[in-house]
Structure formats: C-alpha cells, structure tokens
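Worksheet for the structure shown next.
Each value in this text was obtained by applying a stated rule to the coordinates, not by laboratory testing. Computed from a predicted structure; not experimentally measured. Note that we place each Cβ from the backbone using ideal geometry, even for glycine, and neighbour counts take in every protein chain shown.
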Amino acid sequence: MHKILIPALGLILLLTACGSPIQSRPVFPYQLAAFSQNYVAVKVFLQQDANERSFLSATFTPESGYHLYSKDIPREGVYGEGRPTLLELIPGSQMHSIGELTASAEAEVSDMGTDALLVYPAGPVTLRLQVSLPPGAGWYDDKVSITYMACSQSTCRPPVIGKQISVRVPGAEQHYP
C-alpha cells in the first residue's frame with residue numbers, strides 16, 4: 001500500500017505545482033498602490049474601457065467630516081488656502097497622458113468665505129487620466145505624483161504635495177483577458 005501511496009502523493013504534488021501558470025495579465029481595475037496620510041486614504045488603479053483605452057485613476061477618501069479641494073484650484077491654493085487634489089505623471093514617466101484630468105464629482109464654491117475656493121462634496125472623489133502605456137509586453141516600474149489637502153469646517157491637515165508613489169504597470173502589448 002505504501003509503495004503506491006507515496007508515489008501517487010508525489011505525482012499529485014507535482015501536477016498541482018505545475019498545473020496552472022501564474023497569471024501575469026492584470027484584471028481591471030488593477031490596483032497599483034494604496035496609502036493613507038493626513039486623514040485621507042488613496043488608492044491608485046489602472047483601468048481599461050471597452051475600447052481598450054487605458055486610464056490611470058486615484059480615489060481619494062477623506063475621513064468623515066473632511067473635504068478635498070478641486071483639481072482646478074492653483075497649486076498654492078487661493079490666498080494660501082487649500083491645495084488642489086491631483087494625480088500626475090512625473091517627468092520622465094514611461095506612461096504618457098492623453099487628455100485632461102477628470103473628476104468624479106463636481107466642485108462647488110466653498111462656504112468658508114473665499115468665493116474662488118472650490119471644494120468637492122464630502123466623501124470620496126476619483127480623478128482619472130487617460131494614458132498610453134509603455135511599449136512592449138513586459139511590466140515596467142514607474143511613479144505617479146499625488147497632491148491633496150483635507151480640511152474640515154474648523155481645521156486643515158498638512159497638505160500632501162507631489163508625493164511620488166511607485167507603481168508597476170503593464171506594457172501596451174500585454175494581452176488582456
């Protein structure tokens with residue numbers, strides 16, 4: 001019995017180990033990075049639409065009672081108040097932007113006295129940027145830049161400005177499921 005059982009178990013282990021290849025293709029949306037800092041959780045994704053266009057996106061989720069500022073305010077804020085919420089490619093990135101950065105929410109004029117200070121409604125906001133991926137069928141190390149500032153009605157957290165996040169992206173010739 002042992003003479004049959006041990007080789008059979010060995011064969012089962014060998015077939016299990018060799019049975020299915022490790023998937024090297026992303027399933028969309030594909031999470032590239034995630035972190036939390038200064039009362040905001042950030043998740044960065046690579047997405048692909050039905051026309052096989054690639055999009056880099058980041059969802060910014062402030063803690064309850066906090067809001068984020070519009071992507072359209074100046075980098076220095078308005079009269080020094082606020083900082084824009086941004087998802088950007090760094091200089092020398094292997095990805096290239098195709099089009100404008102868009103937001104999932106419409107910014108509204110702040111009710112805190114500065115009429116040019118645009119804020120997103122409370123809750124998560126997703127920024128999205130159409131990108132071209134690096135040429136080739138491999139995987140490539142790259143970086144993206146994240147900027148935001150979370151404020152409540154009474155206090156603001158220190159801004160996160162140009163935080164570079166390492167990501168690993170597939171090449172444009174990668175074949176997807």
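Against the condition exposed (fewer than 13 other Cβ atoms within 10 Å of the Cβ), over 23 Å from Pro74 (Cβ atoms) and either within 13 Å of the chain's Cα centre (by Cα) or among the hydrophobic types (A, V, I, L, M, F, W, C) (or both), how does Ser154 come out, does it pass?
On the way: exposed (fewer than 13 other Cβ atoms within 10 Å of the Cβ): yes; over 23 Å from Pro74 (Cβ atoms): yes; either within 13 Å of the chain's Cα centre (by Cα) or among the hydrophobic types (A, V, I, L, M, F, W, C) (or both): no.
Answer is no for this residue.
Out of (1) in contact with a Pro (Cβ under 6 Å, 6 or more places away or on another chain); (2) closer than 19 Å to Gln31 by Cβ, what's the single condition that is false for Ile73?
Here Ile73 clears every test but (2).
Test Ala105 against the stated conditions and say whether it is of a type outside the set (Lys, Arg), in contact with a strand residue (DSSP E or B) (Cβ under 9 Å, 6 or more places away or on another chain) and assigned to a loop (DSSP other than H, G, I, E, B).
Details: of a type outside the set (Lys, Arg): yes; in contact with a strand residue (DSSP E or B) (Cβ under 9 Å, 6 or more places away or on another chain): yes; assigned to a loop (DSSP other than H, G, I, E, B): yes.
Here the answer is yes, as Ala105 does meet what is asked.
Among the residues of the range 121-147, how many are surrounded by 18 or more Cβ atoms within 10 Å (Cβ to Cβ) and more than 20 Å from Gln47 (Cβ to Cβ)?
1
From the list Gly136, Gly65, Gly92, pick out the single residue that is touching a residue at least 60 places away in the same chain (Cβ under 8 Å), of a type in the set (Gly, Ala, Ser) and in a loop (DSSP other than H, G, I, E, B). Give the derivation first.
On the way: Gly136 fails: touching a residue at least 60 places away in the same chain (Cβ under 8 Å); Gly92 fails: touching a residue at least 60 places away in the same chain (Cβ under 8 Å).
Among Gly136, Gly65, Gly92, only Gly65 is touching a residue at least 60 places away in the same chain (Cβ under 8 Å), of a type in the set (Gly, Ala, Ser) and in a loop (DSSP other than H, G, I, E, B).
Among the candidates Asp72, Asp141, which residue alone is over 29 Å from Pro170 (Cα atoms), out of contact with any helix residue (DSSP H, G or I) (no Cβ under 9 Å at 6 or more places or on another chain) and either acidic (Asp, Glu) or outside any loop (DSSP other than H, G, I, E, B) (or both)?
Values: Asp141 fails: over 29 Å from Pro170 (Cα atoms).
After applying the criteria, what remains is Asp72.
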